[in-house]
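What follows is a set of notes on a single structure, which appears directly below.
Please treat every number below as a calculation from the coordinates, not as lab data. The structure displayed is predicted, hence computed values, not measured ones. Positions of Cβ are generated from backbone atoms using ideal geometry, with glycine treated the same way; all protein chains shown enter the neighbour counts.
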Amino acid sequence: MTIRTRILLVYLLIVGGGFYYLVNRSVAELRPRYLESMEESLVDTVNLLATVIERDVGDGPIDASKVNQLFRSAFARRFYARIFSLTKDRVDLRVYVTDERGIVLYDSILPSDEGQDYSQWMDVARSLKGKYGARTTRTEPDNVESVVLYVAAPVRSVSTDRILGVVSIGKPTASINDLVNAARRRVMLAGLAGGGLIIMVGVAFSIWIATPVARLTAYARAVRDGRPAELPRLAGREVGELRQAFEEMRAALEGKAYVERYVQTLTHEIKSPLSAIRGAAEILVENPPDEVRVRFIENIRAEAGRIQRVVDLLLQLASLEARKARPDFKAVDLAQVAREVVDAAQPAAQVGRVSLTLDTSAPTACRGDAALLAQAVSNLVQNALAFTPAGGTVVVRTSSSPDGGARITVDDTGTGIPDYAQARIFERFYSLPRPGTGVKSTGLGLSLVREIANLHDGEISVTNRAEGGVRAEMRIPIHRAPV
């Protein structure tokens, strides 16, 4: 599991879990809060009705006919009221009035219950004792949405304050179910939108946290593979310190490894020529015959030239590897570079009786260092000529690669690369014997080509062709902005 995924999961667990709890709690609290609001309004209404009845009955007992006359017109009234998603056209309250014994004197919904004893109902019983009376009752026992909320208030004598009876009003909660459901839908939609926003913020947050690590990892791998890499610029003090530590570690490791590697390889490559020179010098001290002396002098010159070539190539390779910043690249026509290299290599091709041809189907523009690119192409052509026997062919082609870059290929009809050597062809000082002579080169040519390709953000590959021979292909980005 990547660190980015872990950060996202922890973020969603903490923030998302808290948000889910908040939304779920809000949805669960909608209905109770609506019922509380309804009950509060019913308390005001029932006390107003109790006051109206008290003014009507005075000190005497409650007259059922007067109560009936008082409420008949109100329940017969029709109107139109649009309350958000709820439409009302009549009063849906239930009002019943009992005497001081709890016997029903008037019932707006169930006239058949008039005369019934409601003294045991919670709203009536508590109100008759002068306490706050309320109850909830389901009209359908198995249906939670059939609840009716009842609130009662005592009807008192005007002069003696004696309880003459109870007035109770009931409000079906079905009327608020639509409001609750609508509010629940709005909360859920807001929750989904908020959840989506939380996920997007979490993804962005995890990317923001993990990106510096990913960029430093890519930088470390590029350094490991020997590819040119610039230390990424990262925001934040801690990340900046980590960035600086990476650079210091890279410089320390590269410096130590660089010195060790080149001392070892240089010592190994110069050991044989120096031994040959020392042996020839010892023989020359003995004043051998002229023809022997001339032969050993030529050996000394040849071995000294070999040492010179190794040193020159090592210095050039070290110079390329030490570049932390790219040079000021300019527009280069790779086809023109290839043409100049092929023209310069024609004498060597004629001496080896190898046909060297150039195929430039179209101009291939890129940005780079023309001299370095020419040296890379020259090394590829020289390798192809060295491993192609007399009568063979070497074809140099330039074209645009499918991924949008300049490409140059060098195909030969030589002996190909043995299986055991394919993984080592770019290794420094690794070289195969030339056909016919068995002589090995410095083994630095392809390493130099790879460094030049890397410096241009390009790639180099050398593979055997199906029809025989080798194909070397170098790809350079075609539209690279100046660094």
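Of Ser146, Ser41, the sequence from fewest to most neighbouring Cβ atoms within 10 angstrom is Ser41, Ser146.
Less than 5 angstrom separates the built amide H of Arg465 from those of Val470, Arg471, all sequence-distant by 5 or more or on a different chain. In this rough spin-label picture, where each label sits 7 Å from Cα along the Cβ direction, the Ser361-Met188 distance is 6.1 nm.
FRET efficiency for the pair Val52 and Met200, taken as 1/(1 + (r/R0)^6) with r the Cβ-Cβ distance and R0 = 41 Å, rounds to 0.10. Taking the inverse of the mean reciprocal distance over all distinct Cα pairs, the Kirkwood hydrodynamic radius of the stretch 3-182 comes to 18.6 Å.
Computed over the stretch 74-166, the percent of Cα pairs more than 23 Å apart is 36. Going from the fewest other Cβ atoms within 10 Å to the most, the residues Leu216, Leu22 appear in the order Leu22, Leu216. With a Förster radius of 45 Å applied to the C-beta separation of Ser26 and Ser112, the computed FRET efficiency comes to 0.60.
Our estimate of slack between Ala466 and Lys66, defined as 0.36 nm per intervening residue step minus the Cα-Cα distance, is 132.7 nm. Spin-label model, Thr45 to Phe19: label points 7 Å out along the Cα-to-beta-carbon direction sit 4.0 nm apart.
Within the stretch 339-418, the ratio Rg/Rh, alpha carbon atoms throughout and Rh by Kirkwood, equals 0.98.
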